[in-house]
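**Student:** To start, I am sharing the structure in question, which I have written as structure tokens.
No value in this document is a laboratory result; all are computed from the given coordinates. These figures come from a predicted structure and were not determined experimentally. Cβ placement follows ideal geometry from the backbone for every residue including glycine, while neighbour counts extend to all protein chains displayed.
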Number of protein chains: 2
Amino acid sequence: MNDKTSRTTKAANDVSAVPADIREALGELVGYHLRRASVYDMNGAVAALEPEGARPITMSVLLSIVEHPGRTSADICRTLAIKRANIVALLQVLEAKGLFRRADDPADQRIQRLYPTPEGIETARHWLGLVQAHEARILQRMSQKERRELRRLLQLVWADEALDET
Amino acid sequence: MNDKTSRTTKAANDVSAVPADIREALGELVGYHLRRASVYDMNGAVAALEPEGARPITMSVLLSIVEHPGRTSADICRTLAIKRANIVALLQVLEAKGLFRRADDPADQRIQRLYPTPEGIETARHWLGLVQAHEARILQRMSQKERRELRRLLQLVWADEALDET
DNA sequence: TATTGTTATACTCTATAACTATA
DNA sequence: TATAGTTATAGAGTATAACAATA
């Protein structure tokens, strides 16, 4: 059986024992909603890209290359706040699919500049479309104005991160 | 040396190769900023709770118990969207610290109702204060009105998650 | 000395499967 | 059959340390 109402005992309902300053405290934390919203969004983004054999971070790296041809992997890591060690496998996947090529820099032999291939640009567009469709779904309860406002406020939150990176 | 400007070759600046529909596409995704903001917030929350030997999820579970005395662990898992298997170790930590007690339900011997101890309530208050102080820091660029608006918009994002759980 | 790209590795987080007891 | 609590375990995700080559 599943008689939830009968399970709700008097003790379980005795909210008098709950201090007013803690009542509903979790739900009042912006960070809690940030986390819940981000996880919900990420799950959908992962699902949207799964048929493509890609994940959100894979798309982010590819978009970084397409948006800024000639960036190095270290540049991308700084921009996306990921560790250099962890981009290696991601680039191997994108390279195996022929979505970008590496070019040695004549002036600095330590670095490789990354350039998207035509297929890379087309794939980036396709993946982006899938994620945008997903995003339209999770933001459907919001007006365009509210979406812009949400993005603006989120930027204010992690704007400090860039400053911390002294 | 670190002469970044000289490294910026003509090819790297040739944005003419970047299709207009993909230019700045990543930064226009709300999901990208959701992720960046959430990770930034979580890092700070982890740091704020670390001296206490607690993590954000530990605090969330304790707050759930304090806010709703008599909830079961399965209830809390549904509320916080975590798997039952993963709350076991969290509860062991909280129990070892004497922050809550388990009480068998007389009407259903499968379940244990969780009740906070006085120390549990006090600790919840303390941990909450640490996280609230962290939150005040990362939201400092926002007015109170903007903070409420951000929370409202975030709730709209993951409001669908509850509906999906049919 | 510092940076790049890379490998190896450890650690955390989360998900799944399976089990017992109970409803 | 379904749920609660639990154990064991696998898989991502992320972090650190170390290395060779180059600046």
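**Student:** Quick check: residue separation of B:Glu146 and B:Glu122 times 0.36 nm, minus the Cα distance between them. What number comes out in nm?
**Tutor:** Values: separation 24, 0.36 × 24 = 8.64 nm, distance 3.01 nm.
Result for the pair: 5.6 nm of gain on full extension.
**Student:** Quote the FRET efficiency, to the nearest 0.05, computed for A:Ala74 versus A:Asp21 with a Förster distance R0 of 41 Å and r equal to the Cβ-Cβ distance. Don't jump to the answer; show the numbers that get you there.
**Tutor:** Numbers: r = 47 Å, r/R0 = 1.15.
About 0.30, to the nearest 0.05.
**Student:** What is the set of long-range amide H partners of B:Gly70 at a cut-off below 5 Å, with H atoms built 1.01 Å from backbone N?
**Tutor:** Under 5 Å from the amide H of B:Gly70 lie the amide H atoms of B:Leu114, B:Tyr115, each far enough along the sequence or on another chain.
**Student:** Also, quick follow-up: Can you give me the pair-distance distribution of segment B:38-166, C-alpha pairs, 5 Å bins, whole percents?
**Tutor:** The percentages, shortest bin first, are 2, 10, 17, 19, 20, 16, 11, 5, 1, 1, 0.
**Student:** If one takes the longest principal axis of the Cα atoms in chain A, at what angle in degrees, from 0 to 90 and to the nearest 10, does the Cα axis of helix A:144-164 lie?
**Tutor:** Result, in degrees: 70.
**Student:** Then there's this: Which is the longest run of chain A containing none of the GluC sites (Glu not before Pro) found in DSSP loop states (not H, G, I, E, B) with at most 14 other C-beta atoms within 10 Å? List each step's numbers first, then the result.
**Tutor:** Numbers: sites that count: A:Glu24, A:Glu165.
By the stated rule (loop sites, at most 14 other Cβ atoms within 10 Å), A:25-164.
**Student:** Residue by residue through A:60-70, how many Cβ atoms from other chains fall within 10 Å of the Cβ on average?
**Tutor:** Numbers: counts 4, 1, 1, 7, 1, 0, 7, 9, 5, 7, 9.
Going residue by residue through A:60-70 and averaging, the value is 5.
**Student:** Further question: Full-extension gain between A:Val93 and A:Arg137, please, as 0.36 nm times their residue separation minus the C-alpha to C-alpha distance.
**Tutor:** Full-extension gain reported as 13.0 nm.
**Student:** With an 8 Å Cα cut-off and a minimum separation of 6 or more residues, compute the relative contact order for segment A:30-146 in percent. Please list the in-between numbers first.
**Tutor:** Numbers: 104 pairs, mean separation 33.9, N = 117.
After rounding, I find 29 percent.
**Student:** Moving on. Tell me the distances, shortest first, between A:Ala136 and the same position across the other copies, using label points 7 Å along Cα→Cβ, in nm to one decimal.
**Tutor:** 4.4
**Student:** Moving to a separate point now. Mind checking which of A:Gly129, A:Gly31, A:Gly44 has the largest fluctuation in a GNM of chain A, springs on alpha carbons under 10 Å?
**Tutor:** Between A:Gly129, A:Gly31, A:Gly44, it is A:Gly31 that shows the largest mean-square fluctuation.
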